[in-house]
Amino acid sequence: MEDCIFCKIINKELPSEIIYENDKIIVFKDVNPKAEIHLLIVPKKHIENINVITDEDKGLLSEMLIVAKKIAIDLKINLDTQGYKLIFNVGRGAGQTINHIHLHLLSGFSNQSLSEI
Ligand code: AMP
Ligand code: ZN
């Protein structure tokens, strides 16, 4: 997709702080972090959002969750006491600003209201 920022990051046409990458998924730091740890788990396939996923995407979506868990462990997030959030914003009204599906991984909240969403 020509004008997609995340496709450009995937194609290394735009810089990003990459934390993890395999043939299907890339993970990089959110440029405007809302928590101490704020990463974006992004499939390399351009899918607009959850509304347009199909059975064909089942494997990819579950891999996103497995990558999220591995990263939480790699980052030594205490899985019991600290924990983390995984969030899909779906549609503009819910805060989706980039039309390339991505899973937010957030952990470490200085703002209590964010930790209670
Ligand atoms: P959403 O609001 O769910 O669409 O999330 C998009 C996220 O992408 C926001 O949290 C932005 O801060 C983040 N973002 C936008 N541009 C970049 C970029 N070039 N590199 C890293 N993160 C970005
Ligand atoms: Zn894209």
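Below, the figures for the structure above:
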| read-out | value |
| --- | --- |
| Single residue of 80, 30 found to be free of Cβ contacts under 8 Å to residues at least 12 places away in the same chain and of a type outside the set (Val, Ile, Thr) | 80 |
| Search result, residues across the stretch 95-110 that are near ligand 1 (Cβ under 10 Å from one of its atoms) and open to solvent by 60 Å² or more (accessible area, probe 1.4 Å) | 97, 99 |
| Test: residue in the stretch 71-80 that is closer than 16 Å to residue 28 by Cβ, at pLDDT 95 or above, open to solvent by 40 Å² or more (accessible area, probe 1.4 Å) and over 13 Å from the mean Cα position of the chain (by Cα) | yes |
| Test set (1) of a type in the set (Val, Ile, Thr); (2) open to solvent by 40 Å² or more (accessible area, probe 1.4 Å); (3) in contact (Cβ under 8 Å) with a residue 60 or more places away in the chain - residue 87 fails condition number | (3) |
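The values are calculated or read from the model by the stated rules, or taken from the named source; none is laboratory data. The shown structure was predicted, so the numbers you read here are calculated from the model rather than taken from an experiment. Please note: Cβ atoms are built from the backbone with ideal geometry, for glycine as well, and neighbour counts cover all protein chains shown. Surface areas here come from the heavy atoms of the whole protein model, side chains and all, with no ligands, DNA or RNA. Shrake-Rupley method; radii C 1.70, N 1.55, O 1.52, S 1.80 Å.
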